[in-house]
1. With the crude spin-label approximation of a point 7 Å out along Cα→Cβ, what separation in nm comes out for GLU37 versus SER370?
2. Measuring from the lowest to the highest alpha carbon on each principal axis, how far does segment 99-168 reach, largest first, in angstroms?
3. When only DSSP loop residues count, what trypsin sites (Lys or Arg not before Pro) in segment 159-205 have their Cβ near at most 15 other Cβ atoms within 10 Å?
4. Along Cα→Cβ, 7 Å out, is where each label goes; now give me the distance between the ones at ARG382 and ASP175 in nm to one decimal.
5. List the residues, sorted by chain then number, that are 5 or more residues from ILE311 or on another chain and whose placed amide H is less than 5 Å from its amide H.
6. Taking 0.36 nm per intervening residue step and subtracting the Cα-Cα distance, what contour gain separates GLN205 from GLU337 on full extension?
7. For labels at MET360 and ALA302 in the simple 7 Å Cα→Cβ model, what's the distance in nm?
8. Work out the length of the dipole vector of segment 395-462 about its Cα centre, built from +1 on the beta-carbon of each Lys and Arg and -1 on the beta-carbon of each Asp and Glu, and round it to the nearest 20 debye.
Amino acid sequence: MATFDIRTFGCQMNVHDSERLEEVLRRAGHARVEAGEPDVVLLNTCSIREKAEQKLRSEVGKLAVRKRERPDMLIVVAGCLAQQEGEKLMKRLPAIDLMIGPDNIPELPDLLADALLGGPPAVRTIFDVDAPRFLTAPHAVAGQPTAYVTTMKGCNERCTYCIVPYTRGPERYRDSQAIVDEIRVLVETGVREVTLLGQTVNSYQDPADRLVLAPEADPEDPDESAFAALVREILTAVPDLWRLRYTSPHPRHLTPSLIAAHRDLAPRLVQHIHLPVQSGSDRMLKRMLRRYRRAEYVDRLAKLREAVPGITVSTDIIVGFSGETDEDFEATLSLVEEVGHTGVFGFKYSPRPFTPALKMGDDVPEEVKSERLSRLFALSERLIGEHLKALVGTRQQVLVEGPSKARPENMSGRSARNEIVHIPDASDLALSHRMVEVEIVEAYKHSLLGRLTEASRNEAESAAPAVQPGKRRLNVVAS
Ligand code: SF4
């Protein structure tokens with residue numbers, strides 16, 4: 001038996017994979033270190049941005065120093081960078097003992113057993129295309145009233161800037177019954193809100209073809225999928241699931257059937273969508289091969305807003321993509337203003353290996369990218385500020401997750417529209433994992449302050465503590 005630690009870089013998908021890495025190691029008899037130095041350090045990597053390898057180099061460099069004093073310590077690199085670089089990376093960073101791709105997590109215990117017996121360095125990065133495996137981990141690992149559930153892996157899109165199809169492979173879908181069963185078990189252990197995960201989550205197809213397509217779905221429409229039917233199935237089969245979210249959808253799969261599902265299933269299907277747009281310029285969208293035009297993005301959102309008034313929209317944007325002119329960037333700003341995004345995750349374009357955009361060149365100077373990103377963030381801050389201020393005086397339903405990180409004397413949670421809400425004078429109440437009603441009394445820069453309504457306070461004072469699973473044990477390094 002060995003002790004291990006996991007350090008996670010990158011997106012939510014990687015955080016989720018780290019839970020699976022932890023679970024397969026626990027089942028093999030290994031233990032996560034609570035204190036002291038582990039026998040095995042796992043670095044679960046991301047390769048979406050350029051800095052990923054630099055971060056990994058820096059981590060491995062520090063660990064290599066320790067390894068000189070403790071040669072039996074093992075360094076394992078998992079995730080997208082392992083998939084992308086394989087043996088080449090191991091040659092560049094010889095302190096690494098083992099590399100595994102995202103699809104090879106189930107093989108980790110055997111590979112690790114060899115390495116612990118002194119076996120040679122190994123690389124395993126094979127996609128499980130013929131028989132896809134979807135691992136689960138008990139929710140006690142995450143310890144929240146919220147949980148993530150995988151619906152699919154890989155991506156069939158070919159956005160020219162993106163390395164994901166290379167590092168995660170083609171789309172493979174999880175059996176719909178397995179998804180429903182996992183959510184049912186999560187709810188039995190106290191989870192109240194689930195986020196469905198997938199690279200293009202709303203292109204989901206049911207491999208067993210069990211789901212009945214919604215009447216709004218046009219089977220001839222290439223953008224249609226079984227995702228709306230999946231969402232309906234989950235919320236019907238698991239009535240005690242209070243909220244369902246999903247991330248990240250592709251705009252072209254925001255189809256009439258999914259919009260109808262939002263209309264029929266709100267508020268349990270939450271009033272928020274994170275819909276990556278990447279650019280507001282049709283010229284850029286074409287160069288990025290996003291397969292929709294600006295007008296289509298706006299039009300689909302308008303239909304969604306008609307179906308679910310007040311739904312909030314956040315997005316991802318790349319600035320400084322190959323060939324982006326001032327005019328293209330202005331189009332992006334105008335789109336963000338027009339849509340009124342209440343959250344913008346902006347990134348400077350950086351060329352990634354093995355992507356079609358490499359051939360297009362990286363011709364926007366770094367200082368121009370920085371300036372555009374600052375302007376985008378300034379706009380985004382203004383829009384978020386206006387949105388949050390407009391909520392002061394309203395009543396919101398908040399799913400309380402626990403003490404606030406910044407101010408532990410406050411409890412905090414999220415509204416159905418995804419705003420973070422802090423609740424003061426409530427730390428003596430067993431609010432965690434409960435849905436409470438608050439009146440919003442103040443807007444901060446990125447969050448809200450809400451006081452319990454009298455009815456909610458009375459209810460909380462007389463209630464027994466809600467079910468609370470175990471504590472989070474993952475060590476997450478933000479990218
Ligand atoms: S949809 Fe495009 S950006 Fe998203 S994972 Fe697929 S290729 Fe990458």
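1. 3.8
2. 40, 37, 24
3. none
4. So the two model labels end up 5.3 nm from each other.
5. none
6. 44.1 nm
7. Taking the simple label geometry, MET360 and ALA302 are separated by 2.7 nm.
8. 340
Any read-out appearing in this document is the output of simple, stated calculations on the displayed coordinates, not a laboratory observation. This structure is a prediction, so every number in the text was calculated from the model and none was measured. Here Cβ is always computed from backbone atoms with ideal geometry, including for glycine, and neighbour counts include all displayed protein chains.
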